[in-house]
1. Report, by residue number, each residue of the range 118-154 that is assigned to a helix (DSSP H, G or I), over 20 Å from the mean Cα position of the chain (by Cα) and hydrophobic (A, V, I, L, M, F, W, C).
2. List pairs: first residue in the range 404-422 and under 10 Å from L330 (Cβ atoms), second residue surrounded by 18 or more Cβ atoms within 10 Å (Cβ to Cβ) and among the β-branched types (V, I, T) anywhere in the structure, Cβ distance under 6 angstrom, at least six positions apart or on different chains.
3. What number of residues within the range 374-403 satisfy the criterion of being hydrophobic (A, V, I, L, M, F, W, C), surrounded by fewer than 14 Cβ atoms within 10 Å (Cβ to Cβ) and within 25 Å of N354 (Cβ to Cβ)?
4. So in the range 131-166, with the set limited to residues that are in contact with a Ser or Thr (Cβ under 8 Å, 6 or more places away or on another chain) and among the aromatic types (F, W, Y), which one is farthest from Q226 (Cα to Cα)?
5. Tell me, which helices (runs of 4 or more DSSP H) wholly within the range 404-523 include 3 or more residues that are open to solvent by 40 Å² or more (accessible area, probe 1.4 Å), at pLDDT 90 or above and not β-branched (V, I, T)?
6. When you scan the range 327-348, how many residues do you find that are aromatic (F, W, Y) and outside any loop (DSSP other than H, G, I, E, B)?
7. Are any residues in the range 9-41 modelled with pLDDT of 75 or more, open to solvent by 60 Å² or more (accessible area, probe 1.4 Å) and polar (S, T, N, Q), and if so, which ones?
8. If I ask for residues that are closer than 18 Å to T242 by Cα and free of Cβ contacts under 8 Å to residues at least 12 places away in the same chain, which ones from the range 112-162 would you list?
Amino acid sequence: MINRQLMQLIKINILYVNPQQTRKQRENGKKGAALYRSLIYQYLLLGALFAFIYGALLLTTNLVKDIGEFTNIVGLFTIIGLSQSVTTIDNVFFESKDLKDYLPLPLSQWAVFAAKFSVVGLTILPPALPVWMMFVIAGIQTGRFIGIGFTVGTLLFILYYIFLFLFCSIAIFSFAQTGIYRHHQKLMTFLMTGITMVAMAVAVFVMNMANNDNSTSFKAIPGFAQLHQIVVDPTSLVSLVTVAVLLISVFVMGVLLQKWLLPKVMSGANAQTRTVKRKHRQGQGMARQFIRYNLGLLGNPTLLTQSISITIFPVVIYSIAMFVQNGFSLANLTAKYAGVMFVAGIMVAIITVNQGSLSSVMISLDRQNLAFIKSLPIDFKGYLWLKFKLIVIVQSLVLICLAIGFGFFAKLLWLNVLTLCLGVVLGNILSSMYNYTRDWRLLDLTWTNATQLFNRGGGNMLIGFVILGTMIVGAMVVGLYAAMLNAFPPVIINVSAMMIVIIATTYVVWHYMDYWKKADLTL
């Protein structure tokens, strides 16, 4: 009975985690077992891509001799795994708010949590697979029989993955029992996920600093060095002791999670206890009230952290790598490259303001309130236009801050910094037009957590391919522009480039204004 319950609950949570892909597969005729297999295959494909891409890079490194590089890369992906675990566990256990619905049903608590943990494990497994590739490749590079290296690396990864998963789960569930979390759940969730993201950035920064100081090797990180010892010499005393410590730790954490924390979570002990008191504000116009309302919609911690991790965070990490490791500087760029920086700003904004941006979910954030707002005696298109202007302003402020920071560290001339800021603002407007319209086309007013919104129309895999393609095209456009400035008179090239930008901008603005003029706003 428990096994049947477990399988059904796993299927429910798989459908729940990615409802847009579920709907898409159903439209393609998938149902029943074929539907579940299709969704699972997507996670397996994503994991295979991670393993293949990073595995190919690791084949050129001697992981047996270079302990420092081994430990630093494992440490980096451990932090990435922690960050992903925090967000996913928060989505499945807390943001879903469905645990209380299981209480009156004749379901085993073990089955409920086992199902949720299974889906969480499946979701966060793909980003962790590069660690498995490192364990296996390092084991094979020792010169032992391939089968032994593969087996040792795989078993160690399973133990490492379970330890990491249990550690993160206990940390999150324990923190959820505290009074500060129950009184400030949204703020604490945002801080919790934000801290892991900052830790990831710091890890990349430290790794690049170490590599910059010593180009031949990194400094070994204690703890992860013992994992390297297990891979290289699994029968040594250090290896056996490390494995024993991991096994004991996994057992203790498993008992602690099952006997103490899970019953409290199931009983609703982590439920938010703070009663939010709304102040009545007199003398405010309807537009100002709508602005306050829409800014309040952006207060979802999961929404903010996931959007930042998909949009801004990769750009920040890439910039840190350039500045720290490569000593990146643009101090030699004269004023004639102001147009290049303007176009570069447009491209950076288009890369950043993607399907994971706030503009791509702004309409759907209203949920059922959108129908109520449409029933009010107001101009509904005017309300949508207000939302668009608001989110464009918010994103522009963030992008301008990033552009100014980039200009400061890159030692750009003030004129080039100014044109870079103008470029990111224009690129933000154009990209937001596309993503805002896309949100209307894929409108979802029944979502239960922010992950479902970002997974619409292809999910994170599509976002990754779009970002990669845009980066390649953007680099080619900016590089070609800069090369032509050196080959032809700068005045002619700059004027021609600006004319192309003006024509393209005019077309995009006209296209989307015409779309919204003719759009059927029936919900």
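1. Taking the range 118-154 and keeping what is assigned to a helix (DSSP H, G or I), we get 118-141, 146-154.
Now drop any that are not over 20 Å from the mean Cα position of the chain (by Cα), which leaves 118, 132-141, 146-154.
Selection gives W132, M133, M134, F135, V136, I137, A138, I140, I146, I148, F150, V152.
2. G407/V417
3. Total satisfying the criteria: 4.
4. F165
5. Numbers: elements: 414-441, 450-454, 459-487, 490-518.
Because the criterion is at least 3 residues that are open to solvent by 40 Å² or more (accessible area, probe 1.4 Å), at pLDDT 90 or above and not β-branched (V, I, T), the helices (runs of 4 or more DSSP H) in the range 404-523 that meet it are 414-441, 459-487, 490-518.
6. Of the residues in the range 327-348, the ones aromatic (F, W, Y) are 328, 337, 342.
Keeping just the survivors that are outside any loop (DSSP other than H, G, I, E, B) gives 337, 342.
Of the residues in that region, 2 qualify.
7. Within the range 9-41, none qualify.
8. T151, L155, I158
The values are calculated or read from the model by the stated rules, or taken from the named source; none is laboratory data. Computed from a predicted structure; not experimentally measured. Methodologically, a virtual Cβ is constructed for each residue, glycine included, from the backbone with ideal geometry; neighbour enumeration extends over all protein chains shown. Surface areas here come from the heavy atoms of the whole protein model, side chains and all, with no ligands, DNA or RNA. Shrake-Rupley method; radii C 1.70, N 1.55, O 1.52, S 1.80 Å.
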